[in-house]
Amino acid sequence: MDMIITFDICSIFILGFLLLSLFLRKMTKGFSNMLFIILILDVLSSAVVDILCVVSEIYLKPSTISLIISYILNYCYYFFHNSLTPLYLLFVFSICGMWHDFLRKPLIKILWAIPVSIDLISFALNPFIKNLFYITDDLQYHRGYAIVVLYFVAAYCILFSIISIIRKRNLVSISKFWVMISLFPLNIFGIIVQFIFPNVLLETLTTAISLLLIYIVVQRPEEGINLETESLNFYAFHDEIKKNFLLKRQMHVIFIELVNYDAMQKQIRSVNLQMYITDLIKNLTQICSIGETEVYYLSSGMFAIISLKNDESKILTLAERVNIFFHQKARIGIMDFTINTRICLAKCPQNLPDLNAVLTFCKNFSDVIYEMNKVVYLDVESKTSDFQIRNQINEILSKAIKNHNFEIYFQPIYEVKSKQFVSAEALVRLNDEHFGFISPNLFIIASEKSGAIHQIGDFIFEDVFDFASKTDFESLNLQAIEINLSLAQCIERNLFDKIKHYLDTYKISPERVNFEITESEVEFTREVSDKNIKMLHDYGIKFSLDDYGTGYSNIKRLTSLPFDIIKLDKTFADDFENPQMKIIINNTVSMLKQLNKKILVEGVSDQKTLDYFTELGCDYIQGFYFSKPLPKDDFINFMKERNTQVV
């Protein structure tokens, strides 16, 4: 007896380990995981009942009760044992992306139902004709003539599984494909051995080993499950999207972003935020209980819901329900939060035609979807020019760099003392052949994120330095051209050498260049940028602090770096008539004067504003009152005309 049940005992240990590991690692989300757990429970039940059958045959004394118990145990064994291959076939469907087809295509359901029906009919007939097995009064088990039918049924399911895996091999990785294929010889070996030698209970062990291999290679909890939040993760999302595109399925994807997630991270303990995200996923899962719909947590407050439902009205209702859910306040720990969201419903492949389009959309989500706390329908939004620009901005930038679609405009800067235009701010403009002029606010931010700002910056340097080296520059009585330096450029290790190279190449004096750095960039750059600024300033290049007043105006940084000019943000000019703003302006100008800083006022658009800041003692004025940014030739004409006039 020990030798007969040894294999079953080994199976129980293996399957017990798998179950424990699955629950400890929280692998209970997703349909394939649920099927895998059912498979393990089925094989585990087979092993346990198999042992009980052997034990009852040896230890039960012949009687009517004992005979009934033996029949019950053997029927249970046959039920669990013969349901394994149809269940495994369903598992293969889920892994290979055929579950959707199984639910919708009657032929696949019929092909799966054939073996199940044969098993059920065989079980139903057995009490009457003893076609599968029977037990004699002395409790001896005997196989029936139709037992071979069950083996043919199992072979049918195995063959169906092999064909399905081979047909859908492009939907799984090579390692998963070969593991799933190699399981069949192992199981067939166990079936053949147990068929020839009924007392050698090997089938359950070979099946348990197969499930262990599936767990290690195919399921891989670290791939598809976020273990902290017990949710399907980005890998699972990527795999599902890829699978659906390869199978040419229609699907809806609801993207959700918690806009204030970064602020929540700073204000909430990580354990409380994690608990909130976990509860949030549970609530979203309940909302999405319409079938063929899964919730994924992609990371950092970004979620996605994939639905294969064909009923569009239900999907629209689902998206609106998700939006309404977020309208309520969230209590996280001891704090109440109003959650701001961006929610977008997309159709695939209509709106996002392939996997790369979906992943790009995820990456750029906050840059292309602006509206908050409402459902944005990508089907409508994607038709707008503004969206198309935002969604394609990286491609537009790459093309612009390649085709030289950038152009430098110059906005004149007026000096109060000399009543002349003594300098200008160089501003880069992008004119795309398809979309026309694109806002700098859009493409500059995008270029900083993508790294294209370095190539754009080099173009600006070359164009401006080339202009500063021409005779036109001297004849216009220009003192310098101001160039904006971005955060990314400020921290370039070779910035000083690069600028010096341009100055030497174009043979111009450093005094002809004035770099502008915004207040926010000063606060977020430190060692490398400070070193670059000081080295360039020591070399003779002047620096302006741009947009002063938009940040929290760190005075220590203002005095520690060699800024020659402080540019007051246009908000000062826009609101200078406000009595409280006047107090701020007067004190700011007075302080900067005492620090021996030159003051430039941006955004001046009328005579009244000009007079106010002139009387206050500001040094330079810039704004539409004098001129908007001009192309180079127009700027030259402007300077020739206006510098001969007294303003």
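Relative contact order for region 70-142: 27 percent, from Cα pairs under 8 Å spaced at least 6 residues apart, divided by residue count. Compactness ratio for region 210-309: Cα radius of gyration over 2.2 N^0.38 Å (N = residue count) comes to 1.18.
Could you work out what % of the accessible surface of the chain is carbon and sulfur, using a 1.4 angstrom probe and leaving DNA, RNA and ligands out of the count?
With neighbouring chains kept in place, the figure for the chain is 59 percent.
Measuring between alpha carbons in the structure, the pairs from LYS105/LYS309; LYS449/LYS531; LYS248/LYS309 lying more than 18 angstrom apart are LYS449/LYS531. Does anyone have the angle between helix 234-246 and the longest principal axis of the chain? Alpha-carbon axes, 0 to 90°, nearest 10? On a 0 to 90 degree scale, this one is about 80. Dividing the Cα radius of gyration of the chain by 2.2 N^0.38 Å, with N the residue count, gives 1.43. Here the peptides 325-332, 338-345, 82-89 are ranked by packing, the mean other Cβ count within 10 Å, and the order with the highest first is 82-89, 338-345, 325-332.
Over the chain, what relative contact order in percent results from Cα pairs under 8 Å that are six or more residues apart?
Values: 889 pairs, mean separation 55.2, N = 647.
Rounded, it is 9 percent for the chain.
Accessible surface for region 193-261, divided over its residues, is 39 Å² per residue with a 1.4 Å probe. As a ratio to 2.2 N^0.38 Å, the alpha-carbon radius of gyration computed for region 315-439 takes the value 1.55. How high is the relative contact order of region 32-121, in percent, counting Cα pairs under 8 Å that sit 6 or more residues apart? 34 percent.
Annotation for region 287-354: GluC sites (Glu not before Pro) lying in DSSP loop with at most 13 further Cβ atoms inside 10 Å of their Cβ do not exist.
Here is the size of region 14-145 from its Cα atoms: Rg then Dmax, 17.9, 52 Å. For the peptides 192-202, 438-448, residues were scored by their other Cβ atoms within 10 Å and the scores averaged per peptide; the highest-first order is 438-448, 192-202.
Taking the average, over residues, of other Cβ atoms within 10 Å as the packing measure, peptides 7-15, 569-577 rank 7-15, 569-577 from highest down. Compute the long axis of helix 147-167 from its Cα atoms, compare it with the longest principal axis of the Cα atoms of the chain, and write down the angle in degrees, 0 to 90, nearest 10. Roughly 20 degrees, rounded to the nearest 10.
The values are calculated or read from the model by the stated rules, or taken from the named source; none is laboratory data. As the structure is a prediction and not an experimental result, all values here were calculated from the model. We place every Cβ from the backbone using ideal geometry, glycine too, and count neighbours over all the protein chains shown. SASA here: full protein model, heavy atoms, side chains in, ligands and nucleic acids out. Shrake-Rupley method; radii C 1.70, N 1.55, O 1.52, S 1.80 Å.
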